[in-house]
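**Q** Below are the structure tokens for one structure; questions will follow.
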Amino acid sequence: MLTIIKTLVLFSALNRLHGIHAAPSNDDNNNNFDFIIVGGGTAGAVLANRLTENPKYNVLLIEAGPTDDGVLQIEIPFLCHEDTPNTPWDWNYTTVPQPGLGGRSIPYPRGHVLGGSSSINYLIYTRASSDDFNRYAHVTGDQGWNWNNMQQYFRKNERFTAPVDHHDVRDQVDLAIHSTTGINSVSVSGFPTAIDGRIINATSELKGDFNFTLDFNSGNGVGLGWMQMTVDGPRRSSSSTSYLAPNFRKRSNLHILLGAQVSRLLQTGTQNGLPEFRGVEYRLESDGSIRHATATREVILSAGTVGSPQILLNSGIGNSADLKAVGIKPIVDLPDVGENMADHPLLGNGFEVNSNDTFDIFFQNATVKAEDITIWQKTGRGFLVDTIASHLAFIRLHDDNPIFKTNNDPSAGPRSPHYELLIANSLSLVDPPPPGNFLGIANAVVSPSSRGSVKLRSNNFFDAPLIDPGLLKSDFDKAAMRAAVKSTLQFLTAPSWAGYIKTPVNGLENVTTDAQIDAYVQKNTATIFHPVGTASMSPKGAKNGVVDPDLKVKKVAGLRVVDASVLVCLILLPEAYHSDINAAA
């Protein structure tokens with residue numbers, strides 16, 4: 001979902017970018033460009049595409065990772081769970097110990113490849129709710145962020161396509177609210193599963209929290225329905241495959257530099273009394289050399305919720321006391337850089353089932369796996385054309401939940417859920433895979449109140465930062481995840497599941513009390529890696545925040561941040577490209 005938002009963030013920013021006036025430069029020999037985009041991920045790829053529509057703009061896109069071209073593991077949607085961690089396409093970060101997880105440090109996936117996290121996520125496409133965007137408009141004081149205004153950008157981003165099996169999708173998606181003329185391809189499942197009927201029947205049997213919703217992207221993000229995903233035929237559709245497709249990469253004014261990690265931004269002078277940062281310092285992976293480039297118009301940080309604040313801090317832009325403590329000379333005091341981090345905690349639940357018509361054999365048997373991949377390569381068919389789940393349920397806590405006696409509701413409104421159920425025909429998130437056949441139902445807290453941070457580890461620009469997403473830190477988030485587990489168990493009481501479910505597994509089978517649920521959650525929760533907030537927006541002229549609603553960095557000139565880090569509140573972002581953000585970018 002974050003992907004959508006990133007994309008919309010981008011489109012909104014681009015409308016303002018075209019109003020900037022400065023002397024253009026096309027002096028490549030001196031490494032001067034009109035715009036330098038730091039980060040070739042979800043947001044950066046969109047920016048590169050849109051800016052180079054104007055042939056007068058000379059644009060440099062700098063990406064630390066490799067190309068995604070020809071990487072089968074990235075191309076095949078069902079293999080999304082194998083793209084992280086401990087791969088060349090992931091930064092392979094680890095969090096600091098998380099008190100809400102019993103003091104565990106966990107892997108923290110971030111895309112280290114062209115396309116960024118849109119190349120490694122779970123492909124789920126959601127736009128968030130109307131309440132979410134209307135809250136952005138209220139918080140920033142800029143009505144350009146409201147739901148109605150953002151529709152034009154959703155439509156400009158999306159190209160809804162038929163699934164690979166070309167079945168009738170009218171009972172799975174509201175085609176009237178989708179666009180077929182955008183760039184990023186979106187569709188629904190192209191391979192039916194044995195549990196589809198059970199899931200849909202359960203919505204009418206249980207009703208209430210599990211009422212069927214035709215389309216989450218209508219502005220109402222509550223209910224249970226079919227998942228939409230960022231696929232183009234049988235392949236993943238990322239910001240790289242769409243916005244940096246070969247026809248766009250051929251533009252003579254677009255320069256893409258891979259394997260180049262930006263260390264910091266360099267002050268190049270002053271403008272109207274403000275320090276201007278139009279210089280970029282980066283290290284080439286090929287030989288370790290340090291290089292520099294200069295933008296005559298703007299530098300745009302699109303390095304993500306971890307990378308963008310790290311680069312700002314390395315550049316002397318942040319909390320002055322914190323910078324001094326690690327040996328970085330402060331230049332601009334912006335205390336909120338790296339603060340306000342929010343993320344979606346993820347808990348995988350498994351249930352052994354009375355069926356052999358699940359996808360678990362794919363994870364358990366290398367020969368079967370190789371055969372299925374060959375089928376995908378030769379025919380573009382089979383279950384590998386889809387992501388690992390087929391349905392989503394977004395649910396709100398009931399108004400009488402005791403947590404509301406002591407905690408405010410962190411959601412944006414009645415159309416925004418508190419937690420999520422993600423339903424799969426296998427137990428794909430367990431490594432190593434256990435023997436047997438399973439139903440997987442993952443839970444996520446999608447309106448968390450917990451906040452964390454990204455801070456520098458040292459004054460070595462290339463050290464991994466200290467990442468603290470604050471997972472399950474607040475009482476509200478613990479209550480929401482507890483409710484999600486209970487909803488999961490309630491969902492499986494529907495008559496449609498009779499005779500199918502054998503037993504919960506991985507510790508859930510021993511859980512009956514709230515205390516036992518909390519202990520199970522603490523032991524098994526990780527992240528679905530949807531971080532936001534570390535370069536948060538605030539009204540123009542406000543003393544808090546990092547960027548104005550037009551995404552210009554406060555107190556400086558020549559610099560913007562355009563990615564999910566600017567989002568001050570985490571919203572219903574299940575993925576899509578960080579899908580929401582992609583839709584929003």
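The values are calculated or read from the model by the stated rules, or taken from the named source; none is laboratory data. Note that the structure is predicted; figures quoted are calculated from it, not measured. Note that each Cβ is placed from the backbone with ideal geometry, even for glycine, and that neighbours are counted across all protein chains shown. Accessible surface areas use protein heavy atoms only, side chains included; no ligands, DNA or RNA. Shrake-Rupley method; radii C 1.70, N 1.55, O 1.52, S 1.80 Å.
**Q** Kindly evaluate residue 62 against the criterion of being more than 30 Å from residue 191 (Cβ to Cβ) and in contact with a Phe, Trp or Tyr (Cβ under 9 Å, 6 or more places away or on another chain).
**A** For residue 62, the condition - more than 30 Å from residue 191 (Cβ to Cβ) and in contact with a Phe, Trp or Tyr (Cβ under 9 Å, 6 or more places away or on another chain) - is met.
**Q** What number of residues in region 150-166 are exposed (fewer than 15 other Cβ atoms within 10 Å of the Cβ) and either within 22 Å of residue 224 (Cα to Cα) or touching a helix residue (DSSP H, G or I) at 6+ places or on another chain (Cβ under 9 Å) (or both)?
**A** The initial filter retains those residues of region 150-166 that are exposed (fewer than 15 other Cβ atoms within 10 Å of the Cβ), namely 152, 162, 165-166.
From the residues that got through so far, the ones that are either within 22 Å of residue 224 (Cα to Cα) or touching a helix residue (DSSP H, G or I) at 6+ places or on another chain (Cβ under 9 Å) (or both) too are 152, 162, 165.
Looking only at that region, the number is 3.
**Q** Can you run down the residue pairs with Cβ atoms below 7 Å, 6 or more apart or on separate chains, where the first is in region 287-306 and at positive phi and the partner is assigned to a loop (DSSP other than H, G, I, E, B)?
**A** Pairs found: 304/39; 304/41; 304/110; 304/563.
**Q** Additional query: Out of (1) crowded, with 19+ Cβ neighbours inside 10 Å; (2) more than 22 Å from the chain's Cα centre (by Cα), the odd one out for residue 185 is which?
**A** (2)
**Q** Okay, next question. Only one residue in 539, 531, 504 is open to solvent by 20 Å² or more (accessible area, probe 1.4 Å) and closer than 26 Å to residue 129 by Cβ, so which one is that? Before you say what the answer is, go through the steps one by one.
**A** On the way: 531 fails: open to solvent by 20 Å² or more (accessible area, probe 1.4 Å); 504 fails: closer than 26 Å to residue 129 by Cβ.
Just one listed residue meets the conditions, 539.
**Q** Which ranges mark the strands (runs of 3 or more DSSP E) fully within region 166-262 that have 2 or more residues being more than 30 Å from residue 89 (Cα to Cα)? Don't jump to the end; show me each part of the working.
**A** Values: elements: 184-188, 223-226, 254-257.
Those strands (runs of 3 or more DSSP E) span 223-226.
**Q** Follow-up. Considering only residues that are buried (at least 20 other Cβ atoms within 10 Å of the Cβ) and not polar (S, T, N, Q), which ones fall in region 167-177? Let's see the steps before the verdict.
**A** Here is the first cut: in region 167-177, the ones buried (at least 20 other Cβ atoms within 10 Å of the Cβ) are 172-173.
Listed by number, the list holds a single entry, 173.
**Q** Let me confirm something: among 59, 96, which residue is over 28 Å from residue 360 (Cα atoms) and surrounded by 23 or more Cβ atoms within 10 Å (Cβ to Cβ)?
**A** Values: 96 fails: surrounded by 23 or more Cβ atoms within 10 Å (Cβ to Cβ).
Just one listed residue meets the conditions, 59.
**Q** Please pick out the residue among 448, 434, 410 that is of a type outside the set (Gly, Ala, Ser) and modelled with pLDDT under 95.
**A** Testing whether each residue is of a type outside the set (Gly, Ala, Ser) and modelled with pLDDT under 95 leaves just 434.
**Q** On the given criteria, is residue 82 in contact with a Lys or Arg (Cβ under 7 Å, 6 or more places away or on another chain) and either closer than 21 Å to residue 453 by Cβ or open to solvent by 30 Å² or more (accessible area, probe 1.4 Å) (or both)?
**A** On the way: in contact with a Lys or Arg (Cβ under 7 Å, 6 or more places away or on another chain): no; either closer than 21 Å to residue 453 by Cβ or open to solvent by 30 Å² or more (accessible area, probe 1.4 Å) (or both): yes.
No: the conditions fail for residue 82.
**Q** Would you mind stating whether residue 486 is closer than 20 Å to residue 109 by Cα and either touching a strand residue (DSSP E or B) at 6+ places or on another chain (Cβ under 7 Å) or modelled with pLDDT of 95 or more (or both)?
**A** Considered against the rule, which asks whether it is closer than 20 Å to residue 109 by Cα and either touching a strand residue (DSSP E or B) at 6+ places or on another chain (Cβ under 7 Å) or modelled with pLDDT of 95 or more (or both), residue 486 comes out as no.
**Q** On the basis of being touching a Gly at 6+ places or on another chain (Cβ under 7 Å), under 30 Å from residue 264 (Cβ atoms) and of a type in the set (Ser, Thr, Tyr), does residue 450 make the cut?
**A** Considered against the rule, which asks whether it is touching a Gly at 6+ places or on another chain (Cβ under 7 Å), under 30 Å from residue 264 (Cβ atoms) and of a type in the set (Ser, Thr, Tyr), residue 450 comes out as yes.
**Q** Right, next: Could you please tell me which pairs satisfy a Cβ distance under 6 Å, a separation of 6+ or placement on different chains, a first residue in region 41-57 that is more than 19 Å from residue 551 (Cα to Cα), and a second residue that is modelled with pLDDT of 95 or more and open to solvent by 20 Å² or more (accessible area, probe 1.4 Å)?
**A** 52/251
Residues checked against (1) closer than 22 Å to residue 547 by Cα; (2) among the hydroxyl-bearing types (Ser, Thr, Tyr); (3) within 20 Å of the chain's Cα centre (by Cα):
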{"site": "95", "(1), (2), (3)": "no, yes, yes"}
{"site": "132", "(1), (2), (3)": "yes, no, yes"}
{"site": "144", "(1), (2), (3)": "yes, no, no"}
{"site": "152", "(1), (2), (3)": "no, no, no"}
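**Q** Here are 286, 302: which of them is surrounded by fewer than 17 Cβ atoms within 10 Å (Cβ to Cβ) and either more than 27 Å from residue 104 (Cβ to Cβ) or at pLDDT 95 or above (or both)? Walk me through it before giving the result.
**A** Numbers: 302 fails: surrounded by fewer than 17 Cβ atoms within 10 Å (Cβ to Cβ).
It is 286.
**Q** Please go through region 385-401 and pick out each residue that is touching a Gly at 6+ places or on another chain (Cβ under 9 Å) and over 13 Å from residue 443 (Cα atoms).
**A** From region 385-401, those touching a Gly at 6+ places or on another chain (Cβ under 9 Å) are 385-386, 388-389, 391-395; that's our starting set.
385, 386, 388 - these are the residues of region 385-401 that are touching a Gly at 6+ places or on another chain (Cβ under 9 Å) and over 13 Å from residue 443 (Cα atoms).
**Q** Further question on the same structure: Do you know which of the residues in region 308-351 that are among the charged types (D, E, K, R) and assigned to a helix (DSSP H, G or I) is least open to solvent (accessible area, probe 1.4 Å)? Talk me through it step by step, then tell me what you get.
**A** Initially, region 308-351 is screened for residues among the charged types (D, E, K, R), giving 322, 324, 329, 333, 336, 339, 343.
Keeping just the survivors that are assigned to a helix (DSSP H, G or I) gives 322, 324.
Values: 322: 73, 324: 142 Å².
Ranking the qualifying residues of region 308-351, first place goes to 322.
**Q** To continue, here is another question. Take the residues in region 118-139 that are surrounded by fewer than 24 Cβ atoms within 10 Å (Cβ to Cβ) and of a type outside the set (D, E, K, R); name whichever of them is nearest to residue 75 (Cα to Cα). Steps first, please.
**A** Within region 118-139, the first condition is being surrounded by fewer than 24 Cβ atoms within 10 Å (Cβ to Cβ), and the residues that meet it are 130-131, 134-135, 137-139.
Those left that are additionally of a type outside the set (D, E, K, R): 130, 134, 137-139.
Values: 130: 32, 134: 35, 137: 36, 138: 39, 139: 38 Å.
Per the stated criteria, the residue is 130.
**Q** What is the one condition in (1) closer than 30 Å to residue 160 by Cα; (2) open to solvent by 40 Å² or more (accessible area, probe 1.4 Å); (3) more than 23 Å from the chain's Cα centre (by Cα) that residue 292 does not satisfy?
**A** Every condition holds for residue 292 apart from (1).
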